[in-house]
Amino acid sequence: MFSIADNVKAVREKTEQAAEGREICLLAASKTKGPELIREAIRAGVDAVGENRVNEMTEKAALGAYEGVPLHFIGRLQKNKVKFVVGRVELIHSVDSPELLQLIGRKAVQLGIVQDILLEINIGREESKGGFSPEQTEQAVGLAAATEGVRLLGLMAIPPVGDVFSEKYTYFDEMYKLYVDIRAKKYDNTFINVLSMGMSGDYTQAIKAGSNMVRIGSAIFGSR
Ligand SMILES: *Cc1c(COP(=O)(O)O)cnc(C)c1O
């Protein structure tokens, strides 16, 4: 019998083993899952919940699905939905263009808040995916630092699927290098301490490479 509580416990044990003493934020990626299942994951001790779709998130939030933990937005954010996300989530992982960054900043200023964000890096340089290329990262960090209304906390990546194990390691290592580089530069108005990478199939590798925030869906909730 599959139980969300057992799954969370098992994932937590594996993250702790891989982390060797570092603290890892375990985020439950709850797309397509209803409030009851999400509450079960929260009771079992996940640190945060992440959603991919704005409408789905808004509906489930109204039902109290996320009470007790921070809510993050992890999916592709359309520009016309920015207003439904800024100020309603603790962290937006998926800031993937200069335009989106600036829209988020503008909305946050309007609300009189500062929105915490991560920049999404297209580490596999995939045509089909959004995000900043590794080469664009530094410039994007500079832009985030200069944008009123946002505070940059770090980077997020989703490496190409279907890659062999060793290639994934390379992507994770590249991400960790980018993260360390931008952290060392100490830009004003940034507080770089989050590297969000690792999903159900690869989170232990991601953690070993330096991730400190993993986004876990199917290993907690079962398949979608
Ligand atoms: C769905 C999703 C996850 C979790 O994926 P699993 O493989 O089910 O763990 C993580 N991050 C993002 C951005 C997602 O959309």
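The values are calculated or read from the model by the stated rules, or taken from the named source; none is laboratory data. Only a predicted model underlies this, so the values are computations on that prediction, with no experimental measurement involved. Methodologically, a virtual Cβ is constructed for each residue, glycine included, from the backbone with ideal geometry; neighbour enumeration extends over all protein chains shown.
Identify all residues within segment 153-197 that are more than 22 Å from His72 (Cα to Cα), assigned to a loop (DSSP other than H, G, I, E, B) and more than 16 Å from the ligand (Cβ to nearest atom); write none if there are none.
Those that are more than 22 Å from His72 (Cα to Cα), assigned to a loop (DSSP other than H, G, I, E, B) and more than 16 Å from the ligand (Cβ to nearest atom): Val164, Lys186, Tyr187, Asp188.
Name the residues in segment 1-33 that are surrounded by 15 or more Cβ atoms within 10 Å (Cβ to Cβ) and more than 20 Å from Ser196 (Cα to Cα), would you?
Within segment 1-33, Ile4, Asn7, Lys33 qualify.
Residues in segment 73-89: is at least one farther than 27 Å from Ala206 by Cβ, crowded, with 16+ Cβ neighbours inside 10 Å and of a type in the set (Val, Ile, Thr)?
yes
Go through segment 1-48 and report how many residues are among the small types (Gly, Ala, Ser), in contact (Cβ under 8 Å) with a residue 40 or more places away in the chain and under 25 Å from Gly154 (Cβ atoms).
So the count comes out to 7.
Take segment 198-210 and flag every residue that is more than 12 Å from the ligand (Cβ to nearest atom) and surrounded by 22 or more Cβ atoms within 10 Å (Cβ to Cβ).
Residues satisfying the conditions are Ile207, Ala209.
Report, by residue number, each residue of segment 190-210 that is at pLDDT below 95 and touching a strand residue (DSSP E or B) at 6+ places or on another chain (Cβ under 7 Å).
Listed by number, the list holds a single entry, Thr190.
Kindly indicate whether Glu127 is more than 22 Å from Gly142 (Cα to Cα) and modelled with pLDDT under 95. Please lay out each step first, then the result.
Values: more than 22 Å from Gly142 (Cα to Cα): yes; modelled with pLDDT under 95: yes.
Considered against the rule, which asks whether it is more than 22 Å from Gly142 (Cα to Cα) and modelled with pLDDT under 95, Glu127 comes out as yes.
Those residues that are surrounded by 13 or more Cβ atoms within 10 Å (Cβ to Cβ), farther than 24 Å from Lys107 by Cβ and over 16 Å from the mean Cα position of the chain (by Cα), I need them from segment 134-159; list them, please.
Pro134, Glu138, listed by residue number.
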